[in-house]
Amino acid sequence: MVRILSARNQSLQTARLLPPLAAVALLVGLVLPTVLPEAANVSFFVVAGLAILLLARSTAWGSMLRRPGIAMPLLGGAILTVCFAITAREPSHVLTVAYFMPLFLAAPLAGLFARVPGLMTPQAIGLAATAGAAGAAAVALFDALVLGLPRAGVSVNNPIHFADLALTLGFVALVGVYSDRRWVRLLVIAAPACAFVAVLLSGSRGPTVAFVPMLTVALLVLLAHEGWGRGKWLTLVVAAVVGLALAVLAWKLGAFAEVTAFADIIKVLRSETVDGSTAKRLVMYWGAFEAFLSSPVFGHGLVDLTEAVARHVPPDAPFESPPHMHNDIADFAVVGGTLGLFAYGLFLLAPLAEAISAGRPRPWPAIYLASVLCVGYLSMGMTNAMLGILSQTVLYGFCLALVVHLASPHAAAAKVEPAR
C-alpha cells in the first residue's frame, strides 16, 4: 500500500511539472532561436533530458518508436553510424553522428507534448513562432539601423543561419491560422512579413529565394483544407496578398536577380563572370560531386568532408577549406555516399510521412507544418548547410516533435471546433 501511495504521489508531482516544462519548450524551441541561438540550443537539450527523466516510466516508447516521424530519423542516424564506422580512421569519428542528435530527441519532446495537449495547440505554436519571427525582425532592424552592420543578424549568429531560422519560424507561425480565434489568425500572418524583413536585411540570397516555394506550398496546403469558414478565407486571402506583395517588392529591389544556381551554371557554360561567392560554391559542388564518385556507397565520413572535397578540386580553383559545402545534398553525398543521401531523405521526409500516415480525419495543422518544413529545409539546403548545423537542426528536431504531436489523436481531440 505504501508503495502504491508513493507511486501515485510521484505521478502527481510529475504531472504538475509537465505543463511548465512544455511552456519552456515553446519558448526555447520557437521564440529564442533567432534572438539567443546559443541559449536556445543548450536549453533544447536540457528540456529534452528532463522530458526523458520525467516520462521514462509513463510513456509507451514502443508505440512512439513506430511512428514514422520518430523511426525515420533514427533509421537515418543508424545508417550514417554504419557509414562513419566504415570510413573512420579512429573510434571517435563514429561519434560525429551526434551532429544530428536533435532529430533523435523528437521522441521525448513529442511524449511531453502528448501529456499536455491542451497547451500545445496550433494557436500556442503559432503565437510562439510569431514572437520568434518578430524577434528576428527586431534584431535585424537593430543591426542595420543602430549598429550600422552591412548584414543583419551578425550580432547574434551567422547572417545566413540567422535568415534560415527567421524564415522557418515565419512560416511555422502560420499553423496558427487553424486557431478558432480570429485575432490569432490575423496576428500570425504578420510572421512571414517579419521573417522577410530579417532575410532581406541579412543580405542572404538563398533564404530570399526559398521564400517563394515556402509561400507557394503554404498557400496550397491551406487551400486544400476543406471546411474553411468565411473568416478563415479572409485570413488566407490577406496572407496571400501580403506574401505576394513582399515577393514583388523583393523582385523590384533586385533581390532575386541572378541568385539561383541554375542562372550561375548557365553563366559558367557561357564563359561569363559570376561573383566570388557563387564561384566558390560552384567549385565546392564540383569537388563534392567528384568526391562522391570516388566513394559512392559509404562516402568519406563527416570528419573528412573538407579534405575529401579538396582532393578533387583543381589546384587553381578558389577553395578555402570551408566547414561544409553550402549544400545539404552535396554534404550528405560526400560524408555518406549513396547511403548518406538515403539518410538525408529519411530526415527530410520524416515530418511529411508522419502527417500523411495519420489517416482520417486528416490532421491539417500537422500536414501544413510538415509541408513547409520539408520544402523550406530542402530549398534553403540548396545554398547552405541546414541539417547538421546545430541551430537549424535543433529547430528542425523541435518542429518534427510538433508534427508528431499534432498528427496524434490526442491533439485532434483537444482541438476546439473552429468558429465559422
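The values are calculated or read from the model by the stated rules, or taken from the named source; none is laboratory data. Remember, it's a predicted structure, so these values are computed and weren't measured experimentally. Ideal geometry is used to build each Cβ from the backbone, glycine not excepted, and the neighbour counts take in all protein chains shown. Only protein heavy atoms, including side chains, enter the accessible area calculation; ligands, DNA and RNA are left aside. Shrake-Rupley method; radii C 1.70, N 1.55, O 1.52, S 1.80 Å.
Six or more apart or on different chains, Cβ under 8 Å: which pairs go from a residue in region 102-127 that's within 17 Å of Phe44 (Cα to Cα) to one that's open to solvent by 10 Å² or more (accessible area, probe 1.4 Å) and of a type in the set (D, E, K, R)? Could you list them? Listed pairs, sorted by first residue: Ala110/Arg67.
Checking the condition modelled with pLDDT of 95 or more, open to solvent by less than 70 Å² (accessible area, probe 1.4 Å) and within 21 Å of Met120 (Cβ to Cβ), which residue from Ala40, Ala15 passes?
Details: Ala15 fails: modelled with pLDDT of 95 or more.
After applying the criteria, what remains is Ala40.
Taken over region 73-95, the residue count meeting the criterion of being under 20 Å from the mean Cα position of the chain (by Cα) and open to solvent by less than 40 Å² (accessible area, probe 1.4 Å) is 4. Just wondering, is there one or more residues in region 376-387 that are touching a residue at least 60 places away in the same chain (Cβ under 8 Å) and touching a Cys at 6+ places or on another chain (Cβ under 9 Å)? No, the conditions are met nowhere in region 376-387.
The residue that is farthest from Val335 (Cα to Cα), among those in region 53-72 that are of a type in the set (D, E, K, R) and surrounded by fewer than 19 Cβ atoms within 10 Å (Cβ to Cβ), is Arg57.
Filtering region 43-66 to residues that are over 17 Å from Leu17 (Cα atoms), at pLDDT below 80 and not in a helix (DSSP H, G or I) leaves only Ala60.
Taking the conditions exactly as written (surrounded by 24 or more Cβ atoms within 10 Å (Cβ to Cβ), closer than 30 Å to Leu53 by Cβ and at pLDDT below 95), does Pro159 satisfy them or not? No: the conditions fail for Pro159. Of the helices (runs of 4 or more DSSP H) entirely within region 149-221, those holding at least 3 residues that are within 19 Å of the chain's Cα centre (by Cα) occupy 159-172, 191-202.
Would you pick out the residues in region 45-87 that are β-branched (Val, Ile, Thr) and in contact (Cβ under 8 Å) with a residue 24 or more places away in the chain? Explain how you work it out, then say what you get.
The first filter runs over region 45-87 and keeps only residues β-branched (Val, Ile, Thr), leaving 46-47, 52, 59, 70, 79, 81-82, 86-87.
Selection gives Val47, Ile52, Thr59, Ile70, Ile79, Val82, Ile86, Thr87.
So, of the residues in region 115-136 that are open to solvent by 30 Å² or more (accessible area, probe 1.4 Å) and in a helix (DSSP H, G or I), which turns out to be nearest to Gly176 (Cα to Cα)? Only one residue fits best here, namely Gln123.
So which residues in region 358-375 are in contact (Cβ under 8 Å) with a residue 12 or more places away in the chain and either farther than 24 Å from Tyr99 by Cβ or more than 11 Å from the chain's Cα centre (by Cα) (or both), if there are any at all? Walk me through how you get there before you give the answer.
In the first step, residues of region 358-375 are kept if they are in contact (Cβ under 8 Å) with a residue 12 or more places away in the chain; the result is 358, 361, 363-375.
Result: Ala358, Pro361, Pro363, Trp364, Pro365, Ala366, Ile367, Tyr368, Ser371.
Of all residues in region 167-182, exactly one satisfies the criterion of being polar (S, T, N, Q) and farther than 25 Å from Ala138 by Cα, namely Ser179.
Looking only at residues in region 384-420 that are open to solvent by 40 Å² or more (accessible area, probe 1.4 Å) and either farther than 22 Å from Leu223 by Cα or among the acidic types (Asp, Glu) (or both), which one is modelled with the highest pLDDT?
Start the filter on region 384-420 by keeping residues that are open to solvent by 40 Å² or more (accessible area, probe 1.4 Å), which leaves 390, 409-410, 412-413, 415-417, 419-420.
Right, trim to either farther than 22 Å from Leu223 by Cα or among the acidic types (Asp, Glu) (or both) and you get 390, 409-410, 413, 417.
Values: Leu390: 95, Pro409: 75, His410: 66, Ala413: 53, Glu417: 40.
The selected residue is Leu390.
Hey, among Gly148, Gly153, which residue is out of contact with any Gly (no Cβ under 8 Å at 6 or more places or on another chain), open to solvent by 10 Å² or more (accessible area, probe 1.4 Å) and at positive phi? Working first, answer last.
On the way: Gly153 fails: open to solvent by 10 Å² or more (accessible area, probe 1.4 Å).
Residue meeting the stated conditions: Gly148.
Going by the structure shown, is Val241 open to solvent by 70 Å² or more (accessible area, probe 1.4 Å), within 30 Å of His225 (Cα to Cα), out of contact with any Cys (no Cβ under 7 Å at 6 or more places or on another chain) and at pLDDT 60 or above?
Details: open to solvent by 70 Å² or more (accessible area, probe 1.4 Å): yes; within 30 Å of His225 (Cα to Cα): yes; out of contact with any Cys (no Cβ under 7 Å at 6 or more places or on another chain): yes; at pLDDT 60 or above: yes.
Considered against the rule, which asks whether it is open to solvent by 70 Å² or more (accessible area, probe 1.4 Å), within 30 Å of His225 (Cα to Cα), out of contact with any Cys (no Cβ under 7 Å at 6 or more places or on another chain) and at pLDDT 60 or above, Val241 comes out as yes.
Within region 273-309, the set of residues being part of a helix (DSSP H, G or I), modelled with pLDDT of 80 or more, open to solvent by 40 Å² or more (accessible area, probe 1.4 Å) and not aromatic (Phe, Trp, Tyr) comprises Glu290, Leu293, Ser294, Glu307.
Looking at region 125-144, is at least one residue aliphatic (A, V, I, L, M) and in contact with a Phe, Trp or Tyr (Cβ under 6 Å, 6 or more places away or on another chain)? If you could, list the steps in order and put the result at the bottom.
Restricting attention to region 125-144, the residues satisfying the condition of being aliphatic (A, V, I, L, M) are 125, 127-129, 131, 133-134, 136-141, 144.
The next check asks that each one be in contact with a Phe, Trp or Tyr (Cβ under 6 Å, 6 or more places away or on another chain); those that pass are none.
Scanning region 125-144, I find no residue that is aliphatic (A, V, I, L, M) and in contact with a Phe, Trp or Tyr (Cβ under 6 Å, 6 or more places away or on another chain), so the answer is no.
Does Arg89 satisfy being closer than 29 Å to Gly336 by Cα and among the charged types (D, E, K, R)? Against the criterion (closer than 29 Å to Gly336 by Cα and among the charged types (D, E, K, R)), Arg89 qualifies.
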